[in-house]
Amino acid sequence: MTDITILQQYKKPRLNQRHKTLIYFIFAVVLLLCIAISGSLMGEIAITTRSDAKNLLPSMAHPFGTDWLGRDMLARTLKGLSISIVIGILASVISAILAGILGVLAASFGKKTDAVIEFLINVVLGIPHLLLLLLISYALGKGMFGVVIAVAVSHWPMLARVIRGEVLAIKEAPYVKIAKKLGQHNLKIARKHMLPHIFPQFLVGFILLFPHAVLHEAALTFLGFGLKPEQPGIGIILSESMKYLSLGMWWLAVFPGLALLSTVLLFDLMGSSLRSLIDPHSANK
Amino acid sequence: MLLEAREISFGYKKGYHILNNISFAAESSERVGIVAPSGFGKTTLCKILAGYSKPSNGQVLLDGEDVYGMKGYHPVQMIWQHPETSVNPRLRLKETIAEGDQIEQRIINALGIEHDWLNRFPGELSGGELQRFCIARALGQRTRFLIADEISTMLDMITQAQIWSFLLEETEKRKLGLIVVTHNTALAEKVCTRIQILTK
């Protein structure tokens, strides 16, 4: 009897690791999309001030409470997060493209190019991140433009190193060399062998840049070197609520802070589940 | 055709050569065995002969033309020791085999390559099956010399015998030069018309 039941249990179609990872990935993407879209629809509500609803504790009507001008904190948080997500995407795209170009250049054009790019990587990595961000953002006149460029310019080195390593490795792969000896053109080899090898790394690296970009945008803004007060990024919300924290209005900082944290973790989940989906070592688990 | 190595030396580090002043020549009707102990630089020698690496000194000439830097389909084809790294794991075998010359059906049959393998990925074949595929791939129309770098060391006896008897027949028929680089003196004596033993 017991043998049969065990067999039957085993036969039950269960979710394997791949399915689970896929579900995590979709969950993260959908939730982030919801945040971004709902945030961009919140524009009006987020700036509506109501003198009859000032400083309210979290309740059914206002799940995140209201602030000192009677603005709904949930709407403000969503709006702030969607701004942060847009900035994160812009900065990561620029950063990833920079990383891709420099990584491929370093690996493909001889020792001198490699040395110059390696030096650049070391310089950017050597300067404390936040300091570099502050300087660039300040020099570019702060605001959205300054933040995006500052985050993009300071985040490419890690990914550039990964891409450089991958290109170097694939260039030495016997099958690439054999393809050349079989008369394949360099461009065709790049398209058929190299791109499919590098692209997954690039994509995952790009997505994992998001959380950094979002956090650094928030940090910059919080310190006053980032977005302007009329662009209600999550950093602005946090730095403004600082003044009211001592008055006991804890919800002004706790909920936006938690929301920021979960957004960052969602991006991280998205990146790491995507990696395990396309990485050949874990793809078939 | 004549494949000729003229006093080739090679070192991975400056001032330290693993290959020193090696010279030999092979006609395309010959089967030459090069026997060397483990760690001697057999694979390095193969790569130089097939034009994959540039020797630090000396030259490898095919009818007077330097093999390093030849463009297009290379008449000196090398079969690598490890078949699993010589095919792209992301491509189906039919895409890989399409990279070179058209391979005659006769060769595919003789090596026991089933048609269904070509629709599979390299990971779905065994090492021996993959090695037979790699041998077939190297036997394109324009191949004049075949360099075999320990191609049968990881195969079972029966497959080894099949592969070598096929290669003997094929090189004889097409007047292909075969250079067998191995540590196995017995194998080289069986297969080759001439043996050169390399010592330090």
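Taken together, the values in this text are just the output of simple stated rules run on the coordinates, not laboratory data. The structure presented is a predicted model; accordingly, all values stated were derived computationally and were not measured. Note: ideal-geometry Cβ built from the backbone for every residue, glycine included; neighbour counts use all protein chains shown.
Got a sec? Which residues in region A:55-89 would a label at A:SER40 touch, if it sits 7 Å along Cα→Cβ and we count backbone N under 14 Å?
Residues A:79-89 qualify, since their backbone N sits under 14 Å from the label point.
Structure shown: which of B:LYS14/B:LYS71; B:LYS71/B:LYS175; B:LYS71/B:LYS173 lie over 25 Å apart, alpha-carbon to alpha-carbon?
As for pairs spanning more than 25 Å Cα to Cα, those are B:LYS14/B:LYS71; B:LYS71/B:LYS173.
Summing -39500 (n - 2.57) over the DSSP H runs of n ≥ 4 in chain B and dividing by its residue number, what mean residue ellipticity at 222 nm do you reach, to the nearest 500 deg cm²/dmol?
One gets -8000 deg cm²/dmol as the mean residue ellipticity at 222 nm.
Could you work out [θ]222 nm for chain A from helices alone, using -39500 (n - 2.57) per DSSP H run of at least four and dividing by all its residues? Round to the nearest 500 deg cm²/dmol.
-25500 deg cm²/dmol
How do the peptides B:121-131, A:81-91 rank, highest first, by the average count of neighbouring beta carbon atoms within 10 Å per residue?
The peptides rank, most packed first, as A:81-91, B:121-131.
Would you mind checking which residues have amide H under 5 Å from B:ARG194's amide H? H placed 1.01 Å from N; only 5 or more apart, or other chain.
B:ARG31, B:GLY33
Hey, how many Å between the Cα centroid of region B:134-185 and the Cα centroid of region A:102-135?
47 Å
Counting pairwise Cα distances across chain A, what percent come out greater than 35 angstrom?
35 percent
Between B:THR193 and A:LEU15, what is the label-point separation in nm under the 7 Å Cα-to-beta-carbon projection?
6.7 nm
Can you give the average number of partner chain beta-carbon atoms within 10 Å of each beta-carbon in peptide B:79-90, as a whole number?
4
Over all residues in A:183-196, what is the mean tally of Cβ atoms on other chains that come within 10 Å of each residue's Cβ?
Mean partner shielding for this stretch: 2.
What does the convex hull of the Cα atoms come to per residue for the protein assembly as shown, in Å³?
So the per-residue Cα hull volume is 219 Å³.
Taking the Cα centre of region A:75-282 as origin, work out the dipole magnitude from +1 charges on Lys and Arg Cβ and -1 charges on Asp and Glu Cβ, in debye rounded to 20.
760 debye
Could I have the simple spin-label model distance between A:VAL30 and B:THR85, label points 7 Å from Cα toward Cβ, reported in nm to one decimal?
Result: 4.5 nm between the two label points.
Need one value for B:66-76: mean number of C-beta atoms belonging to other chains within 10 Å of its residues' C-beta atoms.
Across the residues of B:66-76, the mean count of other-chain Cβ atoms within 10 Å is 2.
Rounded to the nearest 0.05, what FRET efficiency do B:THR185 and A:THR113 give with R0 = 60 Å and r taken as the Cβ-Cβ distance? Could you check?
In this case the efficiency is close to 0.80.
Evaluate the Debye formula for region B:1-89 with equal point scatterers sitting on the alpha carbons, no solvent, and hand back log10 of I(q)/I(0) at q = 0.20 Å⁻¹, in q order, two decimals.
Result of the Debye calculation: -1.04.
Can you compute log10 of I(q)/I(0) for region B:51-187 with the Debye formula, treating each Cα as one identical point scatterer, at q = 0.13, 0.15, 0.17, 0.20 Å⁻¹?
-0.57, -0.76, -0.98, -1.33
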